[in-house]
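See below for the structure under consideration.
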Amino acid sequence: MKAIRLYGKEKIQLDEVTKPQISENEVLLKVKAASLCGTDVRMYKNGHAGVDENHPLTLGHEIAGIITEVGSKITSYKVGQRVAVAPNIGCGNCDQCVSGNTHLCANYQAFGINLAGGFAEYLKIPTSTVQQGNITPLADETTFEQAALIEPFSCVFNGQNIASVYSGDTVLIIGGGPIGIMHAMLAFSKGASQVILTDHHKSRMEAAKEILPELTVVTGENLANKIVEKTNNHGVDLCIVAAPSPQAQTESLQYMAINGRLLFFGGLPKGSENVPLNTNILHYKQLRIFGCTRASLSSYRTSEKLIASGQVPIERLITNKYPLEEFEQALKNAENSIGLKNVIVFE
């Protein structure tokens, strides 16, 4: 079978590899769609621990497909079933795993990160992954391309579940990439009365506005003054920083309403992790600041239901579809922020 494998920093190629064989407790997935994200780009640009010429890694962690083989002891899944696969696999025994937060396991593994991923014609789902519940059956209404976006959307869902969106909220999203637009979609579905989005790239704001006409888009210059104007001097109830920008995190406090909530979504580049914050604003406005990472299996399954319901038009984010043979073009697009989501599709 064909697979896209990383061999080190900026070393990637399409290989012919052996089709996986499964045991009696495993499942074989024929991949139908796998989406690229910023993590794939970073692993390509920077290399990844444990990956080298002698230890290549098949990338891809946003995955959907059809079950083609089921181990003899598997009763929960059937051949021909349409499914998506959550990538993060916990040890199953630690306190985080036992509490249902397998994505926070200190010893977690993940497809496309340290296990062979979904940019391949077939993917073996190991026993522990089957037993943990990482395989999510798809509703008839959910396409494979939509399903490939469940993973990033579930991370968005996890973040908003932590920071909360209430009916009537004014929400500010800093960062107009795919994640920022997903945050806007979800905030509207939860009853936000106004969602404001800002990004340094005018083209991204234009694309976001086309996808969600109800969005309020503003440029970053004099943003504090614009927030005052758009909120009648109230400030925003929730600010989501969906950009890897220390400056955006620092400045976010000044946009807040009293009793507001801040969500720092995603990490910052190495060397920029320490961010100055005006804690007097935090104190006198009684703000709450949240962080989030990855998503629980519960968030993943709920995200599939939201997408299937049509409440979240996730398919509008898919800019380009490519066969596996054109992966380098898809990667180049993702690397240069051309379009929004680039999806690899399989026959």
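Full extension of the segment from SER128 to SER167, taken as 0.36 nm per residue of separation minus the current Cα-Cα distance, would add 10.1 nm.
All other residues whose Cβ lies under 12 angstrom from that of TYR322 are scored, Lys and Arg at +1 and Asp and Glu at -1, for a net of -1. Measuring with a 1.4 angstrom probe and ignoring ligands and nucleic acids, ARG288 comes out at about 100 Å² accessible.
Among the listed pairs LYS78/LYS209; LYS124/LYS202; LYS2/LYS78, which are separated by more than 31 Å between their Cα atoms? Beyond 31 Å between Cα atoms: LYS78/LYS209; LYS124/LYS202. Overall, the accessible surface of region 168-252 at a probe of 1.4 angstrom is composed of carbon and sulfur to the extent of 48 percent. Note on region 299-347: Rg/Rh from Cα positions, Kirkwood definition for Rh, rounded to two decimals, is 1.07.
Hey, any idea what % of region 1-105's accessible area is carbon plus sulfur with a 1.4 Å probe?
Numbers: 2200 of 4880 Å².
Here it works out to 45 percent.
For region 102-143 and region 45-68, what is the separation of their Cα centres, given in Å? Comparing the Cα centres of region 102-143 and region 45-68, I get a distance of 12 Å. Need one word for region 223-347: rounded, prolate or oblate. Basis is the Cα gyration tensor (sqrt eigenvalues a ≥ b ≥ c); a/c below 1.5 gives rounded, then a/b vs b/c decides. Note, shape of region 223-347 comes out prolate.
Counting only protein chain heavy atoms and rolling a 1.4 Å probe, the accessible areas of LYS124, LYS32 rank, largest first, as LYS124, LYS32. Straight-line reach from LYS9: taking Cα to Cα under 20 Å and skipping same-chain neighbours fewer than 8 places apart, the lysines in range are LYS45, LYS270, LYS332. Per residue, region 1-142 exposes an accessible area of 45 Å² to a 1.4 Å probe, with every protein chain left in place.
With the contact rule set at Cα under 8 Å and sequence spacing of 6 or more, what percent relative contact order holds for the chain? The partial results should precede the final answer.
On the way: 758 pairs, mean separation 62.9, N = 347.
That works out to 18 percent.
If you take all other residues with their beta carbon under 15 Å from the beta carbon of ILE74, and give Lys and Arg +1 and Asp and Glu -1, the sum is 0. Shape verdict for region 83-132, please, from the Cα gyration tensor: rounded (a/c under 1.5), prolate (a/b greater than b/c) or oblate. Prolate, because a/c is 1.5 or more and a/b exceeds b/c. Computed over region 209-272, relative contact order equals 30 percent, with contacts defined as Cα pairs under 8 Å that lie 6+ residues apart. Dipole magnitude for the chain: computed about the Cα centre from +1 point charges on Lys and Arg Cβ and -1 point charges on Asp and Glu Cβ, it is near 480 debye. Comparing region 123-264 with the 2.2 N^0.38 Å rule of thumb, its C-alpha radius of gyration ratio is 1.16 (two decimals).
Placing pseudo-labels 7 Å out from each Cα toward the beta carbon at GLN329 and GLU24 gives an inter-label distance of 4.7 nm.
Looking at the square roots a ≥ b ≥ c of the eigenvalues of the Cα gyration tensor of the chain, which shape do they give, rounded for a/c under 1.5, prolate if a/b is larger than b/c, or oblate? If you can, show how the numbers build up before the last one.
Values: a/c = 1.82, a/b = 1.70, b/c = 1.07.
Prolate, since a/c reaches 1.5 and a/b exceeds b/c.
Accessible area per residue for region 143-200, computed on protein heavy atoms with a 1.4 Å probe, is 24 Å².
The slack between SER193 and LEU282, meaning 0.36 nm per residue of separation minus the straight C-alpha distance, is 29.6 nm.
Summed over the residues of region 223-269 and divided among them, the accessible surface reaches 42 Å² per residue at a probe radius of 1.4 Å. The GNM of the chain, with springs linking C-alpha atoms under 10 angstrom apart, assigns the highest mean-square fluctuation among GLY159, GLY310, GLY112 to GLY310. Estimated from the Cβ-Cβ distance and a Förster radius of 41 angstrom, the FRET efficiency linking ALA106 and LYS78 is about 0.75.
Rg over Rh for region 50-123 works out to 1.02, using Cα positions for both radii and the Kirkwood form for Rh.
The values are calculated or read from the model by the stated rules, or taken from the named source; none is laboratory data. Please read these numbers as outputs of a predicted model, since none were measured by experiment. Glycine gets a Cβ as well: all are built from the backbone with ideal geometry, and neighbour counts include every protein chain shown. Ligands, DNA and RNA are stripped out before the accessible areas are found, and what is left, the full protein with its side chains, is counted by its heavy atoms. Shrake-Rupley method; radii C 1.70, N 1.55, O 1.52, S 1.80 Å.
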